[in-house]
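The values are calculated or read from the model by the stated rules, or taken from the named source; none is laboratory data. Please read these numbers as outputs of a predicted model, since none were measured by experiment. Cβ placement follows ideal geometry from the backbone for every residue including glycine, while neighbour counts extend to all protein chains displayed.
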Amino acid sequence: MPVPRRTFLYGAAVAAASTTLAACSGDGDGGNGDADSTGAPSSKLKGSEPKPLAPPSELHESPILAKEVEAGKLPPLAERLPANPYVVPHRWLSPGKYGGTLRIPGNPPVDTSQKEYMYGHSPLRWLNDGLDFGPGLAESWESNADQSEWTLHFRKGLKWSDGEPWTTADVVFWWEDMVLDEEFAEGIPDEARSGKGTVAKLAAPDDHTIVLTYDAPSPMVPEIIASCVKRGVCGSWMEPKHYLKQFHPRYSKNVAKDWPTTFDQKRNGILNPDVPVMTGWRLAS
């Protein structure tokens, strides 16, 4: 029996992920805290707010990006943000300095840690070292009475890094053309199976809503969705349909027989600078 693509990627990444877990913790008491006047970390503020925070009344951006706006290379900040922007909830954060060089050790293409330290593609995310979870791209969620149906409400006005709108069509594209496509063999993510092991039904009633329906009560769905950063070793949950459909045989007749290999390379944000992303950073070269 062929090994599902998701299972293979998970196995290849376990060793790398296990060595980085200690360095990745920061939502709980292990956070660095605010720096005092000497620059030393302070532990006065700990943890993260579990409830969504309201955006500040005035928004600012990096001076580097402000110059890009002035030069006409970027739209104004207000046009690049969703209607209800995500506010980082960590109490231990303090303002940093713009600029500098970020050097990341890695071993592409099997090392997924470069994807996993960014939460841009995550519908939900863990907080406080796994004691809480909060919003991500989805700003709210709820279930029916017996928790056999879960509804995710995504932020309005989300955009991919190339400026194209993000919609739930990008989730459906991942679900129908990667997860359910037997030739691509993405594999069924844990959050899409009921307690009986049956695959859930995924529907997008509009551009901002995803509904997951199970054949049995499934109370752990939000926790599993938040359990790992998307586009790492877990199901990606979304892909830029407007860009990737050119490499999929359902949408293009000009793909080779081994299209899954090419498709995987083109969707990989740490190998392909052209693929749009939802993170705050993207590969330049």
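Descriptive notes on the structure:
- Residue within segment 203-211 that is surrounded by 14 or more Cβ atoms within 10 Å (Cβ to Cβ), part of a loop (DSSP other than H, G, I, E, B), at negative phi and not charged (D, E, K, R) present: yes
- Checked against the criterion of being among the polar types (S, T, N, Q) and modelled with pLDDT under 90, segment 89-102 contains one or more residues that satisfy it.
- In segment 259-280, the residues that are at pLDDT 95 or above and either in contact with a Leu (Cβ under 6 Å, 6 or more places away or on another chain) or part of a loop (DSSP other than H, G, I, E, B) (or both): ASP274, VAL275, PRO276
- Under the condition of being over 20 Å from GLY187 (Cβ atoms) and touching a His at 6+ places or on another chain (Cβ under 9 Å), the residues counted in segment 237-285 number 5.
- With respect to the conditions (1) of a type outside the set (D, E, K, R); (2) crowded, with 19+ Cβ neighbours inside 10 Å; (3) without any contact (Cβ under 8 Å) to a residue 40 or more places away in the chain; (4) under 14 Å from SER236 (Cβ atoms), VAL171 falls short on a single one, namely (3).
- Members of segment 242-259 found to be surrounded by fewer than 19 Cβ atoms within 10 Å (Cβ to Cβ) and not hydroxyl-bearing (Ser, Thr, Tyr), listed by number: HIS242, LYS245, GLN246, PRO249, ARG250, LYS253, ASN254, VAL255, ALA256, LYS257, ASP258, TRP259
- Every condition in (1) part of a helix (DSSP H, G or I); (2) under 23 Å from TRP126 (Cα atoms); (3) among the charged types (D, E, K, R) holds for GLU239 except the one numbered (1).
- Of everything in segment 260-271 that is in contact (Cβ under 8 Å) with a residue 40 or more places away in the chain and either in contact with a Phe, Trp or Tyr (Cβ under 8 Å, 6 or more places away or on another chain) or among the aliphatic types (A, V, I, L, M) (or both), the residue that is nearest to TRP160 (Cα to Cα) is ILE270.
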